[in-house]
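Novice: This structure is in structure tokens; I'll ask about it shortly.
The values are calculated or read from the model by the stated rules, or taken from the named source; none is laboratory data. Just so you know, these numbers come straight off a predicted model, no measurement behind them. Ideal geometry is used to build each Cβ from the backbone, glycine not excepted, and the neighbour counts take in all protein chains shown. For the accessible areas, the whole protein counts, side chains as well, though only heavy atoms, and no ligand, DNA or RNA atoms are used. Shrake-Rupley method; radii C 1.70, N 1.55, O 1.52, S 1.80 Å.
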Amino acid sequence: MLFVDILRALLDILGSLLVGLLLLRMWAAGIGMPARNPLAHFARTLTDWLVQPLSRLLPSRGRIEWAALLAALLVTALIVAAKGALFGLPIPVDAVILGSILQLIHWALTLIIWVTLIYVVISWVNPLAPVAPALSMLLRPLLRPIQRLLPSIGGIDLSPMVLLIAIYLLQMILGRVAL
């Protein structure tokens, strides 16, 4: 049983990293981040092997990189199916599809949490860090509406905290839906 738990943990870790990079790639393209930006370049370089073949079948439209989304969904589906197989359970296709969508949403929300936390730490420790503008650009569409409702208090921007609370609530709701 320990071996199965280790394999399941490795699938979760490696899968969430790969899917996180695919979602970061799609997010960066969606907000119009230049491909030469170090963060966007990093995500593209590590995921091109998977996205490039799919982009021939499903080309980008506007700013949405559909091939990256499809890749993220396929990888997530493989991980959900593999985790079920580790327990020796036959998983119906519809359960794999629903489980994959829920897992993909969960990983997307987790990516936003990590980007927000890194952004907050960097803004306090080293606001001139090379990655700071990229993180700010990624979070701007999510933080700006909150900042309109909740201005800075004493020079401190509380919008990242509000965003984190909202995402935690969404993850809690998603967890209940998944039951």
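Conditions (1) more than 16 Å from LEU23 (Cβ to Cβ); (2) of a type in the set (D, E, K, R); (3) within 22 Å of the chain's Cα centre (by Cα), marked per residue:
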site	(1), (2), (3)
VAL115	no, no, yes
SER152	yes, no, no
ASP157	yes, yes, no
ILE167	no, no, yes
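Novice: Quick check on this structure: which one of ILE64, ILE105 is open to solvent by 40 Å² or more (accessible area, probe 1.4 Å), within 18 Å of the chain's Cα centre (by Cα) and either of a type in the set (Lys, Arg) or modelled with pLDDT under 95 (or both)?
Specialist: None of the others qualify; the one that does is ILE64.
Novice: Have a look at THR47, THR76 and point out the one that is of a type in the set (S, T, N, Q) and either modelled with pLDDT under 95 or over 25 Å from ARG140 (Cβ atoms) (or both).
Specialist: THR76 is the lone residue from the list that is of a type in the set (S, T, N, Q) and either modelled with pLDDT under 95 or over 25 Å from ARG140 (Cβ atoms) (or both).
Novice: Right, next: Which one of these does LEU11 not meet: (1) open to solvent by 40 Å² or more (accessible area, probe 1.4 Å); (2) within 26 Å of LEU135 (Cα to Cα)?
Specialist: Looking at each condition in turn, LEU11 falls short on (2).
Novice: Moving on to the next point. Filter region 146-177 down to residues that are of a type outside the set (Ser, Thr, Tyr), under 27 Å from ILE101 (Cβ atoms) and open to solvent by 60 Å² or more (accessible area, probe 1.4 Å) and give me whichever is modelled with the lowest pLDDT.
Specialist: Checked region 146-177; the qualifying residue modelled with the lowest pLDDT is VAL177.
Novice: Among LEU78, LEU89, which is the only one that is more than 14 Å from MET26 (Cβ to Cβ) and outside any helix (DSSP H, G or I)?
Specialist: After applying the criteria, what remains is LEU89.
Novice: Mind listing whichever residues of region 38-61 are open to solvent by 80 Å² or more (accessible area, probe 1.4 Å), more than 16 Å from LEU21 (Cα to Cα) and of a type outside the set (D, E, K, R)?
Specialist: Within region 38-61, LEU57 is the sole residue that qualifies.
Novice: Is there any pair with a first residue in region 13-33 that is in contact (Cβ under 8 Å) with a residue 60 or more places away in the chain and over 20 Å from ALA77 (Cα atoms) and a second that is open to solvent by 40 Å² or more (accessible area, probe 1.4 Å) and of a type outside the set (Gly, Ala, Ser) whose Cβ atoms are under 7 Å apart and which are 6 or more apart or on different chains, and what are they?
Specialist: The qualifying pairs are ILE31/MET137; ILE31/PRO141; MET33/MET137.
Novice: Right, next: Would you call ALA71 over 28 Å from LEU11 (Cα atoms), surrounded by 19 or more Cβ atoms within 10 Å (Cβ to Cβ) and within 16 Å of the chain's Cα centre (by Cα)?
Specialist: So ALA71 fails the test.
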